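Q: Below you will find the structure I want to go over with you.
The values are calculated or read from the model by the stated rules, or taken from the named source; none is laboratory data. Model, not experiment: these values are computed from the prediction. Counting neighbours? That spans all protein chains shown, and the Cβs are built from the backbone with ideal geometry, glycine included. Heavy atoms of the whole protein, side chains included, go into the accessibility calculation; ligands, DNA and RNA do not. Shrake-Rupley method; radii C 1.70, N 1.55, O 1.52, S 1.80 Å.
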Amino acid sequence: MSPVISPIETKRKVSLPSDQQADGRTLGSDEMEAVCQAIKSGTLTSTKGEYVKQLEQGFATRLGSPHCYASSSGTAALHVAFAAINPEPGDEIITTPITDMGALTPILYQGAIPVFADVDYRSCNVTADTIAARLSPRTKAIVVTHLFGNPCDLNPIMELARARSIPVIEDCAQAFDAKYQGKAVGTIGDIGCFSLQQGKHITTGEGGLTVTRDDEFARHIYLFINKAWGYGDPKPDHYFLALNYRMNELTGAVGLAQLGKLDYSVANRIAMADLLNAKLQGLDGIEVPKPVPGATHTYWKYCLTIDPKVISGGAVGLAAKLKERGIFSAPRYIQKPAFACEVFVNQRTFGNSRFPFTLARPEAVDYRSELFPGTFQGLERILVLPWNENYTELHANFLADAIRECAR
Ligand SMILES: *Cc1c(COP(=O)(O)O)cnc(C)c1O
């Protein structure tokens, strides 16, 4: 029989593992061994070494994607995707206002305009309808971000995009191993981008992976990572404007070891989320995550939707009560939509040029809040709980009990 623990004792005894340190990560002897081998080999550049290549091949095989390229960050993994799309200056790329800035600034670096689509307030994901409302003759690509590991409703989005021959980029930075109707996210659109940053499902501290089935995109991505130098070509040259976005072998070694732990990370996150879902059923004013039919959520974070009419103080009030119990949740996730950040509001880009905003249609940079009801409602209601793969039943129960008591 398990001992009876009073709520006060629970409060003192349970400390949640953190993805910012060892107890909330899967880093260990496999990674150390791999890094040692990389160092002993004396080859730390991926142009000559084997670790980054093995990571790329391993991830491509896992996803059943013909091409995978590693890079230095999730931001880089997205930048290479936008580069492969090769927009003309002023072309538009439809994306979401609830995302990481690293998914947006590369669009500006490629001379294109991020055009924000509203989101569904429950999932905080873009939908076919919100994307359709922002289409224009200048739309060059659509970004879908599977926020928190919860897949967007891709079928209607792909239908919309295919009908207009617009490529779809999936931002899977938070959605390793998430599935939509049995298919891995990242392989349903034209290009899929992943991040290996400290807090993601698996990590190398910083790092990124980009997958595609399209041979031309793949060639462009490879070149963009490598200063557009045509390694192995009969007459190599620097073919176009590009950067060095290569992942190094030390990172590749850690990434390869981490890839072996992705099954564990995803399975445990789902198992503990299922437990929490069950424990929080039927709580008035609190909704648990609800993926669209046929989708598998892989819980980068576990988010609740809080009804401020029922829960006093709404998400912010609930977060304050949870904090008293040592649970540091994030109401609003990001404090404001991305378009409310200075880079967009003041159009601060290259010198005082405001380029590429100078080329934008006025409608493309119209950030009035009435155009984004789902975004504002979503941010107001969302409560992001701390979460990682090393949660046990103890942690899930601790969270469930605390939420139940605080929601009263
Ligand atoms: C983390 C993240 C990124 C950026 O990845 P970095 O590795 O931090 O550069 C992009 N998009 C989303 C949705 C993310 O969560």
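Q: In debye, nearest 20, what is the charge dipole magnitude of the chain about its Cα centre with +1 on Lys and Arg Cβ and -1 on Asp and Glu Cβ, if you could check? Write out the running numbers ahead of the final one.
A: On the way: 40 positive and 43 negative charges, 111 e Å.
Here the size comes out at about 540 debye.
Q: Next question. State, to one decimal in nm, how far the label point of residue 328 lies from the label point of residue 350, with both points 7 Å from Cα in the Cβ direction.
A: Spacing of the two 7 Å Cα→Cβ label points: 3.9 nm.
Q: Over the chain, average the accessible area per residue using a 1.4 Å probe and give it in Å², no decimals. All intermediate terms of the calculation are to be shown ahead of the outcome.
A: Numbers: 17700 Å² over 408 residues.
Averaged over the residues of the chain, the accessible area is 43 Å².
Q: Have a look at the DSSP beta bridges in region 29-260 and tell me what percent are antiparallel, nearest 5. Can you show the working numbers first?
A: Values: 15 of 30 bridges.
The antiparallel proportion sits near 50 percent.
Q: Here's something else I'd like to know. Stick to Cα atoms and the Kirkwood definition of Rh, then tell me Rg/Rh for the chain. Display every interim value, and only then the final one.
A: On the way: Rg = 21.8 Å, Rh = 22.2 Å.
Rounded to two decimals, Rg/Rh equals 0.98.
Q: If you don't mind, another one. Debye sum, Cα scatterers, region 306-408, no solvent: what log₁₀ I/I(0) at q = 0.11 1/Å?
A: -0.52
Q: Sort 385, 243 by heavy-atom solvent-accessible area, probe 1.4 angstrom, most to least. Show your work: numbers first, answer last.
A: Details: 385 0, 243 80 Å².
Highest to lowest solvent-accessible surface, that is 243, 385.
Q: What Kirkwood hydrodynamic radius do you get for region 234-392 when you take the inverse of the mean 1/r over all pairs of distinct Cα atoms, in Å? Write down the numbers at each step before the final one.
A: Working: mean 1/r = 0.0501 Å⁻¹.
About 20.0 Å, per the Kirkwood formula over Cα pairs.
Q: Continuing with this model, one more query. FRET efficiency for residue 62 and residue 164, Cβ-Cβ distance as r, R0 = 25 Å, nearest 0.05? Write out the running numbers ahead of the final one.
A: On the way: r = 31 Å, r/R0 = 1.23.
E between residue 62 and residue 164, to the nearest 0.05, is 0.20.
Q: Continuing with the same structure: Along Cα→Cβ, 7 Å out, is where each label goes; now give me the distance between the ones at residue 22 and residue 129 in nm to one decimal.
A: 5.1 nm
Q: Place a point 7 Å from the Cα of residue 369 along the Cα-to-Cβ direction; which residues of region 332-356 have their backbone N under 11 Å from it?
A: The answer is 337.
Q: For residue 271 and residue 15, what is the calculated FRET efficiency with R₀ set at 22 Å and r taken between the beta-carbons, to the nearest 0.05? Please report the intermediate quantities before stating the final value.
A: Values: r = 20 Å, r/R0 = 0.93.
After rounding, the FRET efficiency stands at 0.60.
Q: Output the pairs from 183/227; 200/261; 279/323 with a Cα-Cα distance over 23 Å in this structure; if there are none, say none.
A: Numbers: 183/227 33 Å; 200/261 13 Å; 279/323 20 Å.
Where the Cα-Cα span goes over 23 Å, the pairs concerned are 183/227.
Q: Using modelled amide H (1.01 Å from N, peptide plane; none on Pro or chain starts), what sits under 5 Å from the amide H of residue 302, excluding residues fewer than 5 places away?
A: Residues meeting the criterion, in which the H sits 1.01 Å from N, are 385.
Q: Relative contact order (percent) for region 187-301, with alpha-carbon contacts under 8 angstrom and 6 or more residues of separation?
A: Details: 117 pairs, mean separation 22.7, N = 115.
Dividing the mean separation by the residue count of region 187-301 yields 20 percent.
Q: In the Gaussian network model of the chain, springs joining C-alpha atoms below 10 Å, which of 359, 27, 154 carries the largest mean-square fluctuation?
A: Taking springs between Cα atoms under 10 Å, the residue moving most is 359.
Q: Residue by residue through region 329-335, what is 3J(HN,Hα) from phi via Karplus (6.51 cos²θ - 1.76 cosθ + 1.60, θ = phi - 60°)? Round to whole Hz and write x for glycine and proline.
A: The phi angles translate into 9, 10, x, 6, 6, 10, 5 Hz.
Q: Diagonalise the Cα gyration tensor of region 95-208 and give the resulting equivalent ellipsoid semi-axes, square root of 5 times each eigenvalue, largest first, whole Å.
A: Working: eigenvalues 92, 56, 33 Å².
Calculated on Cα positions only, the semi-axes equal 21, 17, 13 Å.
Q: How high is the relative contact order of the chain, in percent, counting Cα pairs under 8 Å that sit 6 or more residues apart?
A: Working: 833 pairs, mean separation 89.9, N = 408.
In percent, rounded to a whole number, it is 22.
Q: Residue 263 label point, 7 Å along Cα→Cβ, cut-off 17 Å on backbone N: hits in region 166-183?
A: Residues 177-178 qualify, since their backbone N sits under 17 Å from the label point.
Q: Which length gain, in nm to one decimal place, applies between residue 47 and residue 235 when the Cα-Cα distance is subtracted from 0.36 nm times their residue separation? Spell out each step's value before the answer.
A: On the way: separation 188, 0.36 × 188 = 67.68 nm, distance 1.79 nm.
Value of the extension gain: 65.9 nm.
Q: Where q = 0.08, 0.16 Å⁻¹, what log10 of I(q)/I(0) comes from the Debye formula for region 29-260, counting one point per Cα?
A: After summing over all Cα pairs, the log10 values are -0.28, -1.08.
Q: So, with a 1.4 angstrom probe, what is the percent of accessible area on region 249-404 that is carbon and sulfur? Mind dumping the intermediate values first?
A: Numbers: 3840 of 6920 Å².
Its accessible area is 55 percent carbon and sulfur atoms.
Q: How much of the DSSP bridge set in the chain is antiparallel, in percent, rounded to the nearest 5? Before the final figure, lay out each step's value.
A: Numbers: 25 of 40 bridges.
Given both bridge residues lie in the chain, the antiparallel proportion sits at roughly 60 percent.
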